[in-house]
Amino acid sequence: MVLSSLLWLALTPRWAMAVEISISCGAVGQELQLCREGAQAWAERTGNSVRVVSTPNSASERLALYQQLLAGGSTAIDIYQIDVVWPGILARNLVDLGPMAGNAPAEHFPAIIRNNTVDGRLVALPFYTDAGVLFYRADLLRKYGLPVPQTWDEMTRTAGRIQQAERQAGNGGLWGYVFQGRAYEGLTVNALEWIDSRGGALVDAQGRVVVDSPAAREALSMAAGWIGSIAPPGVLNYSEEEARGLFQSGHAVFMRNWPYAWALAQGADSPVRGKVGVAALPSGDPARGAARHSGVLGGWNLAVSRHSRHVAEAADLVRYLTGSDEQKRRAVKAAYNPTRPALYQDAQVIAANPFFRTLYPSFESAVARPSRVTGRKYNRVSSAVANEVHGALSGSSTPEAALHELSHELRRMSRRGW
Ligand code: GLC
């Protein structure tokens with residue numbers, strides 16, 4: 001009897017022994033619940049169990065936590081949900097999923113697979129993609145006979161006009177525009193959108209620091225002018241969820257956010273259900289030079305820690321969660337953009353999120369942050385951008401001084417190459 005059990009143990013592949021996998025998932029909007037459901041479905045199929053660990057909402061704080069865990073060789077987390085701008089920073093601590101991924105990489109947007117490939121190693125599989133979009137109150141635009149704004153100037157005017165008229169009519173708590181203004185990764189994203197939409201950039205594809213430009217000065221002056229006029233002063237401390245809170249409770253005309261806010265704004269208990277539209281973010285003024293509708297590329301990927309004791313099982317869970325069925329479920333239920341082009345042809349996905357089709361070009365040609373070219377230094381680059389931009393918005397510095405200082409800091413960082 002003992003002998004036969006021992007024999008069974010020896011012959012059973014390690015794979016068949018149930019293990020517990022822990023996965024760190026985002027908790028913005030409906031993320032945590034979706035992750036739990038997906039992980040649970042995999043656990044039931046395989047007989048393994050999964051522990052879902054939630055992480056801070058701020059991408060910057062999440063990265064700090066991951067770096068601490070990974071640097072300490074922690075075995076507490078097997079799978080990390082990592083931002084599209086982190087592969088270069090974290091690659092050394094992540095497993096190459098290439099040999100375990102089968103055909104999967106060919107089924108995702110090639111640009112994301114390239115983004116996640118560092119020194120020939122595929123360090124994460126794409127979970128969902130993101131691009132910045134403009135949410136607007138279609139009912140209010142209709143009431144005032146105004147179109148969806150095409151340029152930032154037009155958005156600023158329309159927001160101000162509706163805010164003023166509504167306040168006079170007794171809607172005292174209404175603001176024109178909310179966005180992510182806290183000094184963290186989200187502000188870097190917003191600033192890049194304002195700058196790119198006017199033909200500017202932070203660091204160019206060759207790694208040159210080009211941030212101190214007329215386009216960026218104009219962008220920061222515009223945004224500084226919003227604070228306390230069309231945007232509440234508290235926006236300087238907003239991340240995604242604070243902006244959504246104000247918009248979804250009916251207190252903002254326009255909001256810059258990611259697609260996930262759509263499903264929640266349309267939720268059964270949402271005060272703005274049926275009143276919201278989604279459009280591309282406004283562009284710079286075409287009369288003043290280069291102008292385009294720029295949405296920054298975001299999105300999250302699943303990676304397996306090099307310190308995991310259960311790499312094969314963890315990789316299997318990653319394949320499951322990034323698979324077609326699971327991405328479809330997440331898109332239909334909660335507006336998380338698939339990273340699989342085929343799902344943008346899926347009738348249920350499009351019915352739940354009509355803007356996935358109308359804004360497809362915004363998702364396909366979203367503007368990348370300079371994480372590839374700045375590699376492991378990207379996080380320092382982004383903190384410098386967010387802090388200097390925050391200074392210009394809060395009035396503790398001017399757009400000119402902030403950009404001058406930022407350019408100086410970035411040049412110093414890149415002195416010996418990125
Ligand atoms: C979203 C994006 C991510 C970005 C973050 C900034 O989560 O998907 O790429 O870094 O917002 O707040």
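The values are calculated or read from the model by the stated rules, or taken from the named source; none is laboratory data. Quantities reported herein were computed from a predicted structural model and do not represent experimental measurements. All Cβ positions, even for glycine, are placed from backbone atoms using ideal geometry, and neighbour counts span all protein chains on display.
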I'd like to know if region 216-227 contains one or more residues that are within 16 Å of the ligand (Cβ to nearest atom), in contact (Cβ under 8 Å) with a residue 60 or more places away in the chain and farther than 25 Å from PRO147 by Cβ. no
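Table: residues versus (1) out of contact with any Ser or Thr (no Cβ under 6 Å at 6 or more places or on another chain); (2) closer than 30 Å to PRO149 by Cα; (3) part of a loop (DSSP other than H, G, I, E, B); (4) outside the structural domain of ASP153 (by TED's automatic domain parsing).
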position	(1), (2), (3), (4)
GLY277	yes, yes, no, no
ALA291	no, yes, yes, no
ALA312	yes, no, no, yes
ARG319	yes, no, no, yes
GLN327	yes, no, no, yes
THR339	no, yes, yes, yes
VAL349	yes, yes, no, yes
Report whether or not VAL311 is surrounded by 18 or more Cβ atoms within 10 Å (Cβ to Cβ), hydrophobic (A, V, I, L, M, F, W, C) and touching a strand residue (DSSP E or B) at 6+ places or on another chain (Cβ under 7 Å). no
Since SER324 meets every condition but one in (1) of a type outside the set (Lys, Arg); (2) in contact (Cβ under 8 Å) with a residue 60 or more places away in the chain; (3) crowded, with 17+ Cβ neighbours inside 10 Å, which condition does it not meet? (3)
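Could you say whether any residue in region 350-360 is among the hydrophobic types (A, V, I, L, M, F, W, C), touching an Asp or Glu at 6+ places or on another chain (Cβ under 9 Å) and more than 13 Å from PRO126 (Cα to Cα)?
The initial filter retains those residues of region 350-360 that are among the hydrophobic types (A, V, I, L, M, F, W, C), namely 350-352, 355-356, 359.
Now drop any that are not touching an Asp or Glu at 6+ places or on another chain (Cβ under 9 Å), which leaves none.
Scanning region 350-360, I find no residue that is among the hydrophobic types (A, V, I, L, M, F, W, C), touching an Asp or Glu at 6+ places or on another chain (Cβ under 9 Å) and more than 13 Å from PRO126 (Cα to Cα), so the answer is no.
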Out of the residues in region 67-92 that are under 22 Å from the mean Cα position of the chain (by Cα) and of a type in the set (S, T, N, Q), which is farthest from the ligand (Cβ to nearest atom)? GLN68
Taking the condition of being away from the ligand (no atom under 16 Å from the Cβ) and within 25 Å of the chain's Cα centre (by Cα), how many residues in region 279-316 meet it? 14
Every residue from region 245-271 that is away from the ligand (no atom under 16 Å from the Cβ), buried (at least 21 other Cβ atoms within 10 Å of the Cβ) and either farther than 20 Å from ASN190 by Cβ or within 18 Å of the chain's Cα centre (by Cα) (or both): ALA265
Output the residues belonging to region 16-66 that are closer than 16 Å to ALA303 by Cα, among the β-branched types (Val, Ile, Thr) and within 16 Å of the ligand (Cβ to nearest atom). THR55
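Residue-wise test of (1) of a type in the set (Ser, Thr, Tyr); (2) closer than 30 Å to VAL373 by Cβ; (3) in contact (Cβ under 8 Å) with a residue 60 or more places away in the chain.
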residue	(1), (2), (3)
CYS35	no, no, yes
ASN48	no, no, yes
ARG62	no, yes, no
GLN67	no, yes, no
ASN115	no, yes, yes
Of everything in region 228-244, what is within 16 Å of the ligand (Cβ to nearest atom) and in contact with a strand residue (DSSP E or B) (Cβ under 9 Å, 6 or more places away or on another chain)? Give them in sequence order. VAL235, LEU236, TYR238, GLU240, GLU242, ALA243, ARG244
Single unsatisfied condition, GLU388 versus (1) buried (at least 19 other Cβ atoms within 10 Å of the Cβ); (2) within 16 Å of the ligand (Cβ to nearest atom); (3) charged (D, E, K, R): (2)
Answer yes if at least one residue in region 320-332 is away from the ligand (no atom under 16 Å from the Cβ) and aromatic (Phe, Trp, Tyr), and no otherwise. yes
Restricting the search to region 116-133, which residues are touching a Gly at 6+ places or on another chain (Cβ under 9 Å) and either within 11 Å of the ligand (Cβ to nearest atom) or among the polar types (S, T, N, Q) (or both)? THR117, PHE127, TYR128, THR129, ASP130, ALA131, GLY132
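Having 1 or more residues that are within 19 Å of the chain's Cα centre (by Cα) and aromatic (Phe, Trp, Tyr) is the bar; report the helices (runs of 4 or more DSSP H) wholly within region 363-418 that clear it. Even if it seems obvious, please write down each step before you answer.
Numbers: elements: 371-374, 378-394, 399-413.
Passing ranges, in order: 378-394.
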